[in-house]
1. Relative to the compact globular guide of 2.2 N^0.38 Å, what is the alpha carbon radius of gyration of the range 74-214, as a ratio?
2. How large is log10 of I(q)/I(0) for the range 7-69 at q = 0.13, 0.18, 0.21, 0.29 Å⁻¹ when the intensity is taken from the Debye formula with one equal scatterer per alpha-carbon?
3. Work out, step by step, the length gained on full extension between residue 52 and residue 120: first 0.36 nm times the residue separation, then minus their alpha carbon distance; give nm to one decimal.
4. Which parts of the range 41-56 would a label at residue 76 reach, counting a residue when its backbone N lies under 11 Å from a point 7 Å out along Cα-to-Cβ?
5. Starting from the Cα of residue 187, step 7 Å along the direction of its Cβ; do the same at residue 65; then give the gap between the two resulting points in nm.
6. Using the reciprocal of the averaged 1/r over all distinct C-alpha pairs, how large is the Kirkwood radius of the range 1-153 in Å?
């Protein structure tokens, strides 16, 4: 029988998922008592989980030892996207020479789902299909080491904050870039796949940067500045 996860591991996974999914927004306060009730554990495992999340750069702590969801600077985001472009570009290059016909068909189905979400204005559907598409490419790369490295780059909150400000044109461009990737995979062209993926990630960074400049900043207690414009 598989051993049940430790309470701290379960709390870590739950809180991390809430941050990655956007339910805990950047700047939101993280109170141990509330998180313990949410996770169904005591405060000690939550405290350990928050320490691990701080090491992941997902949580920050004030001088008064209060924890809150990290809100990365644009420089932090730029570095994360630069690393993603290199790593996911390499993953795409590997996938181009390893993907199976079944993998290609899965990508086509996922991109069709993504196109339907774009047409319906369904941001959540877009995010789910986009995540599954990139996960499928990573799986086709057949590199546990690469998967672990990419997994350490927490991009989902960033993707969500960008996507909710996208219009149909920007979302449609993501679909078109995915189509180009599928064509590169179908031809087994590693160089083409790598360049398309790297460009795809770089464009996503500039979309995020534009959205970030238009959005109000948050304070460590999770509130927006009093005179910040509404987004």
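No lab work stands behind these numbers, since they all come straight from the coordinates. From a predicted model like this one, the values you see are computed outputs, not experimental measurements. For neighbour counting, all protein chains shown are included, and Cβ atoms are generated from backbone atoms with ideal geometry for every residue, glycine included.
1. Against the empirical 2.2 N^0.38 Å value, I get 0.98 for the range 74-214.
2. The Cα Debye sum returns log10 ratios of -0.27, -0.53, -0.73, -1.44.
3. Details: separation 68, 0.36 × 68 = 24.48 nm, distance 3.85 nm.
Here the segment from residue 52 to residue 120 would lengthen by 20.6 nm.
4. Taking a point 7 Å out along Cα→Cβ of residue 76, the residues of the range 41-56 whose backbone N falls under 11 Å are 54-56.
5. Here the modelled spin labels are 6.1 nm apart.
6. Numbers: mean 1/r = 0.0563 Å⁻¹.
For the range 1-153, inverting the mean 1/r across all distinct Cα pairs yields 17.7 Å.
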